[in-house]
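The values are calculated or read from the model by the stated rules, or taken from the named source; none is laboratory data. Note that this is a predicted model, so its numbers are computed, not measured. With ideal geometry, Cβ positions are generated from the backbone for all residues, glycine too; neighbour counts draw on all protein chains shown. Surface areas here come from the heavy atoms of the whole protein model, side chains and all, with no ligands, DNA or RNA. Shrake-Rupley method; radii C 1.70, N 1.55, O 1.52, S 1.80 Å.
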Amino acid sequence: MELAKREDCTGCGACLEICPKKAISYRDDHEGFPTPVIDSGKCVECGLCQKVCPVFAPPEKTGIKAAYAAQLSDDPETLKESTSGGVFTALAREILRRGGIVFGCVWNESYEAVIVSAENEEELKPMHGSKYVWSSTNGSFPKVKQALEEGREVLFTGLPCQGAGLKNYLRKEYPNLCILVFFCGGAPSPLAFKEYLKTITKDVPSEKLDFKFRDKEKYGTGVHISYQGKKERIHQSYVGNPYFFSYHTKVFHRPCCYHCRYRYETRYEDLTMGDYWGLGEFHKEPDFHAGVSALLVNTPKGEEMLEAVRDHLELIPTKPEYIAKHNNLTIGNAVKTFNPPPFRDAFIEKMKKSGWKAAERRYLIINKTRIKLTVKRKLPKKTQELIRKLLSR
Ligand SMILES: Cc1cc2nc3c(=O)[nH]c(=O)nc-3n(C[C@H](O)[C@H](O)[C@H](O)COP(=O)(O)OP(=O)(O)OC[C@H]3O[C@@H](n4cnc5c(N)ncnc54)[C@H](O)[C@@H]3O)c2cc1C
């Protein structure tokens, strides 16, 4: 049986979970992305693996029913821990109130991003915060199915391709399931993240690291990393931090991310969440400086969930086109591809041979984009304008 090609496979795990003969296993490829391998001796050619694969069989599209700017309105502490405006928390708490179960992404003890379940407020906490690295569905699909069959409400949150994989895996609509995915700029190599982490865990053991990709503590809402250094907590911008800079310039995304259909096509999941950059351009907003989410409502289940959590959110109706303007997604049916930087493969090779620091020195220090962004961030606006004028003569 043919599985998705390495460059297309999202690694969602649907094929592995559905195979009745356990003929499919996952092995890390040379970039650290788990990729399915089939044992043809065990395979009985039933074709289920292709039927549930989001590459071969994308789920049916729903379109978008409504769009909002949203912020968690009754819990400022949790809003601070949330990446954007905290819509995840509002929805997850509603599921817990109904005695349901929430699936979301946490760091495991090896600092790998994995999807696990939460049945109480305490278990929700580690799910806060975007982990900008490819995550594993970690055997969660059969657990989701079991909970749904038992009649429990389930909220599944994850990468858009994971939500699509789950929908296919279930092969049936469940009124007690809500799929919530985020706008996704791409999922980077777990191997690259591991190699980067080695450089900052020399003096501080990983259990004390408390690594946060979008920490609001020191600089408020934005794209700032923080982690525990030897003496004090380190705060870095996305340009200053080499890993987060690599994420933003798409150096080592999973190969499928460069032509992802789930990033662009309108939509198949119940709800879509993300950052609402540039809100003030379109709305005279209330004070949303503590973080604001963009929220798309796509199905009747999504509408029902939003109604249920309305009292916990500050909501402003908006338009999908406004959200798309400053976000790296398009709203429409076109799959827009993008290219990695030309040094992508060389970076990975160097990193594997000589470690993260060597690859960083070779490709990320004298890097035109990074230098431009650093200058832009450091110089006052007027000086930047002057330089721009001089350069355009
Ligand atoms: C790799 C990645 C790329 C993203 N790209 C964009 C983008 O281009 N544009 C945009 O607007 N928003 C993007 N986001 C989403 C955004 O950063 C927020 O996660 C989202 O708006 C939710 O914010 P919140 O305040 O409601 O949730 P929080 O309380 O911070 O919850 C975070 C949610 O994201 C889930 N999650 C975190 N990391 C992962 C992961 N690695 N895999 C699967 N699920 C995960 C958690 O389970 C939880 O549901 C991205 C997130 C990730 C992880």
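Pick from region 172-202 the residues that are basic (Lys, Arg) and within 13 Å of Met351 (Cα to Cα): which of them is surrounded by the most Cβ atoms within 10 Å (Cβ to Cβ)? Ranking the qualifying residues of region 172-202, first place goes to Lys194. At least 2 residues being away from the ligand (no atom under 16 Å from the Cβ) and of a type outside the set (A, V, I, L, M, F, W, C) is the threshold, and among the strands (runs of 3 or more DSSP E) wholly inside region 3-104 those reaching it are 24-28, 34-38. Taken together, Cys43, Cys49 contain a single residue that is open to solvent by less than 20 Å² (accessible area, probe 1.4 Å) and touching a strand residue (DSSP E or B) at 6+ places or on another chain (Cβ under 9 Å), which is Cys49. Total residues in region 174-209 satisfying the condition of being closer than 27 Å to Gly86 by Cα and among the charged types (D, E, K, R): the figure is 2. When region 137-182 is filtered for residues that are hydrophobic (A, V, I, L, M, F, W, C) and more than 18 Å from Val55 (Cα to Cα), the ones remaining, listed by number, are Val144, Ala147, Leu148, Val154, Leu155, Phe156, Leu177, Cys178, Ile179, Leu180, Phe182.
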